[in-house]
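Q: Quick one: the structure is below, and I'll ask about it shortly.
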C-alpha cells in the first residue's frame, strides 16, 4: 500500500553547514532543503562539496558549524548510528559490501536476527529480506554470493541493506557511475518505486541527462557553496552546467575532420580469456591509424575490457597478433609496451590507475619512475625533476589538489581521473588506449578531457576509445567499431544512427556492413 505523502513536508533541512579541511573550505554556509517523497538531485563539479555535505548528513563527518533537522526536529549527527536512528541510509559510490558473503549476510550484517542462545537465525533473515525485496520490487537471491553478482545487483544489495535498517531517506552518491545504461534504467525504475512508497531520495550525480530524467528538484553546488535551487521541469542541461561550472559549457564536442596517417596499431585475429577463464575475445581484427579516434561501442561485458588489457600488456592473449606499426608486440609486458609508446587510461582508476596512498606527484610519474628523467641509474629519484613535472601537469590539467604531496586518495574522483589522464597524455604517446576516460567525472572535467583527446588526435596520436556512454563514442570517434560477444561485428561511420548502433550492440542488424580495418 502506498503511503500518503504531503509534498510540502520537509524531510531534511541543513542550515548554514560549514566544514573546513586544511587548505579547503569544503562546505561554506550551505543550506539544503529536501521535501518528503521527492527525488532531490544534488549536483556540482567534483570537489564542489556534495559528498562532504552528505557525509555530514550521514554522520561520517562532523560539521564545524550549522544545524540539521530531520522531519522538522533537530537531529545532531555524531555518527552513522544517529543517522540510521533518524531513518537515513546511504549508498556509497564505492560499495561497502563483503564480496565473499552472501546477499543475505551482507544485508543483515551488524543487525543480524538471532535465535535463543545467540545463534544467527537464517530463516528470519531470509523472511525479512524476501518481504523487503517483494515490497519494493528489488528481486534478489539471498543465498547468492555478492562477488558473483553484476555491479547493478550489488548496488541493489546496498539499497536493500539500508531499507532493512528502516531508512526513510536514502542518499545515493553517484549511483550510476559504475552502471551500464541498462542497469541505470533499472535503477531509475527502482527509485521511482521507492518514492511511490513514501521514501525520500537524495541523488548525487554529475550526469545531467539522468538528473533531468529522474529528479523533482535540483540543488547546485560550486566550490563549497550553493549557487542555485532549480525545479527540474523548468530547467535544462545548459542552465545546470552553467551554474555548476560558472561559465557556459560546451556540451557537444567540436572537432575538425580527422586526417588519418599511417597505421599505428594493427590487431589480427586476437583471442583472450576473461578472468573466469572463458573466451572473451573471439578473433578481433582492426587497424588504427595515426591522427584518428576509433571508438568501441558495446554493452559492457562483451570483450571491451579484455581487448584494452590485452593491448596494454596487462592480459595475455591466447591467439592472434598485435603490431605497433610494423613491430610485433603480442604478449609483451606492460612496461615494454609502455616504453614502445603506448599509454593506457584504465577503466578502474582506483584499482589499476592509481596507488591511492601515493602522493599526486608520485602518481604522475607512475610507470616511468625509473626512467632517466626521474631517476639516476634507475635507482635514486630526482626529486626536483619530479616536483617540476608535477607542478606543470597540475596546472596544465587543472588538477585541484592542495599540493603535489597530497595523497591521491584524498582527492575527488574527477581529480583522481585527471591525474591519470595527465600522466598518460603528457608523454605524447603514439597510441593511447582510453578506457572509460570520463567515468565518474563531472561535466567541466568531461569537457576538458574531450578537448585533450581531440588535441592528442590532432597531434598525430592514434586513440582507441572505449566508453559505456554511446553519446561520447559517437561525438568523439572518427570510426566506430561495434563489439558483441567478443567480436567486432561492424565498423560504422561516426554519424551512424543511434538506433542502428544499439541494434548491433545487442546482436541485431547486419554485421557485415563494413569490414574491420
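FYI, it's all coordinate maths here, none of it is from the lab. Source: prediction; values computed, not measured. Here Cβ is always computed from backbone atoms with ideal geometry, including for glycine, and neighbour counts include all displayed protein chains.
Q: In what sequence, highest mean first, do 285-298, 429-442 appear when ranked by Cβ atoms within 10 angstrom?
A: 429-442, 285-298
Q: Measuring from a point 7 Å past the Cα of residue 31 along Cα-to-C-beta, which residues in the range 52-87 have an amide N at less than 13 Å?
A: Hits in the range 52-87 for residue 31 at 13 Å: 67.
Q: Using r as the Cβ-Cβ distance of residue 352 and residue 458, and R0 as 35 Å, what FRET efficiency do you calculate, to the nearest 0.05?
A: For R0 = 35 Å, the calculated efficiency reads 0.80.
Q: Further question: On C-alpha positions alone, give me the angle between the axis of helix 122-136 and the longest principal axis of the chain, in degrees, nearest 10.
A: 80
Q: To continue, here is another question. Once every DSSP H run of n ≥ 4 in the chain is given -39500 (n - 2.57) and the sum is divided by its residues, what mean residue ellipticity at 222 nm do you get, rounded to the nearest 500 deg cm²/dmol? Show your work: numbers first, answer last.
A: Numbers: 16 runs with 159 residues, N = 517.
Computed mean residue ellipticity for the chain: -9000 deg cm²/dmol.
Q: Express the Stokes-Einstein translational diffusion coefficient of the range 409-460 in µm² s⁻¹, to the nearest whole number, given a Kirkwood radius over alpha-carbon pairs, 4 °C and a viscosity of 1.567 mPa s. Intermediate results must be reported in sequence, preceding the final value.
A: On the way: Rh = 11.4 Å.
Translational diffusion coefficient: 113 µm²/s.
Q: Something else now. Extension gain residue 111-residue 506, at 0.36 nm per residue separation less the Cα-Cα distance, in nm?
A: In short, 138.0 nm is gained.
Q: Could you work out the pair-distance distribution P(r) of the range 88-179 from its alpha-carbon pairs, with 10 angstrom bin width and percents rounded to whole numbers?
A: Whole-percent P(r) values from 0 Å outward: 17, 51, 27, 4, 0.
Q: Based on alpha-carbon atoms only, what is the radius of gyration of the chain relative to the globular estimate 2.2 N^0.38 Å?
A: Expressed relative to 2.2 N^0.38 Å, the Cα Rg reads 1.02.
Q: Report, in degrees rounded to the nearest 10, the 0 to 90 angle that the Cα long axis of helix 181-196 makes with the longest principal axis of the chain.
A: 10
Q: Which whole number of Å³ per residue matches the convex hull of the alpha-carbon atoms in the range 10-245?
A: Each residue corresponds to 129 Å³ of Cα convex hull volume.
Q: Based only on Cα atoms, what Rg/Rh ratio does the range 263-505 have, Rh being taken as Kirkwood's radius?
A: My calculation puts Rg/Rh at 0.97.
Q: Measuring from a point 7 Å past the Cα of residue 387 along Cα-to-C-beta, which residues in the range 396-417 have an amide N at less than 16 Å?
A: 403-406
Q: Same structure, new question: Multiply the residue gap between residue 285 and residue 60 by 0.36 nm, knock off their C-alpha separation, and tell me the result in nm, one decimal place. Working shown, then result.
A: On the way: separation 225, 0.36 × 225 = 81.00 nm, distance 4.94 nm.
My answer for the length gained is 76.1 nm.
Q: Sort out for me the Cα centre separation of the range 465-485 from the range 336-386, rounded to whole Å.
A: Cα centres, the range 465-485 to the range 336-386: 28 Å.
Q: Also: Kindly identify the range 265-341 as rounded, prolate or oblate by the Cα gyration tensor criterion: order the square roots of the eigenvalues as a ≥ b ≥ c, call it rounded if a/c is under 1.5, otherwise compare a/b with b/c, prolate if a/b is larger, else oblate.
A: It is oblate, given that a/c is not under 1.5 and a/b is not larger than b/c.
Q: Taking 0.36 nm per intervening residue step and subtracting the Cα-Cα distance, what contour gain separates residue 366 from residue 471 on full extension?
A: Between residue 366 and residue 471, full extension yields an extra 34.7 nm.
Q: Once each part is reduced to its C-alpha centroid, what is the distance from the range 397-453 to the range 271-328 in angstrom?
A: With the range 397-453 and the range 271-328 each reduced to a Cα centre, they are spaced 23 Å.
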